[in-house]
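Each reported figure results from applying straightforward, stated rules to the coordinates on display, with no laboratory input. Everything numeric in this text was worked out from a predicted model, so none of it was measured. For neighbour counting, all protein chains shown are included, and Cβ atoms are generated from backbone atoms with ideal geometry for every residue, glycine included.
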């Protein structure tokens, strides 16, 4: 039999905001928001834990955030600084294992079943990695440790900030039973609402449903929900996986028609997807815009540029061209998304499903 895998999910704590508070000590302990100008209809990229206490979260309109917390301090993102810290952290990961699967600048999966340091347990390995990150960057990270990716990722979010949660095979069933359904990967606002309507509130409720029933209710995702309810997730941590596309989207707190706010959201999304592409050394000329209107009608518009979209400005400019081919501004929007696809100069390989 194959050995039980030892998987760690590392998630940096309020990464952008933590870097700003580290680099600017006068901001420590204050509600800090990294994002766009509230006077220019900006959008929150992330915020400190002091700000989160007021109900502020990423993708919220900056003016809404200011209304919730008038004393909050706003700073513009410094992507180059965040990328530099991400590289330092990634080097630490590779001191323990080469099986590192980055998900973004601030999180990654590690398979430490056989680690380079010869440490006897994944828990000890996670403790050392967290300590090394703190010593090198002055930043804290939270870690989830388990035998598969689903449980490790959920666990890393359980005791933030600076948390460490371990879910062993023996603990998995009880852990899943108590898990709110919104904590399951692929369960967004719409799916959560549908699950609650069918009486599925926790992992224990999910376990009571057959795979056929879940597929009937949720399509292909039903198979994933069924497997996770049983504590099963066979996806490997693969450092050389290649996606066919990479995108980010924002579901808005309120439907919007304001052009300036729409543009600000697109700028933020353009920065996130091109930042990911730069970090992973991939190039793309194809951009897809996703728009969902207030009536839940969803459309996409796609275009291919003559040259790779290497900067946020490149992607944003093309996004505006695509936006003009929609009814955005005329019809209220509830969601905006941007994605890059048709990556260039990559080896041929099957795409692996990777959670965002």
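Couple of notes before you dig in:
- Global geometry of the stretch 1-167, whether rounded, prolate or oblate, following the gyration tensor of its Cα atoms and the 1.5 cut on a/c: prolate
- Whole-angstrom gap from the stretch 47-104 to the stretch 257-308, using each part's C-alpha centre: 20
- Within the chain, percent of DSSP bridges classed antiparallel, to nearest 5: 85
- Protection proxy ranking of 282-291, 116-125 - average other beta-carbon atoms within 10 Å, highest first: 282-291, 116-125
- Cα gyration tensor category, rounded, prolate or oblate, for the stretch 245-341 with a/c compared to 1.5: prolate
- Computed [θ] at 222 nm, deg cm²/dmol, the chain (DSSP H ≥ 4; -39,500 (n - 2.57); rounded to nearest 500): -11000 deg cm²/dmol
- Relative contact order (%) - criterion: Cα under 8 Å, at least six apart; region: the chain: 16
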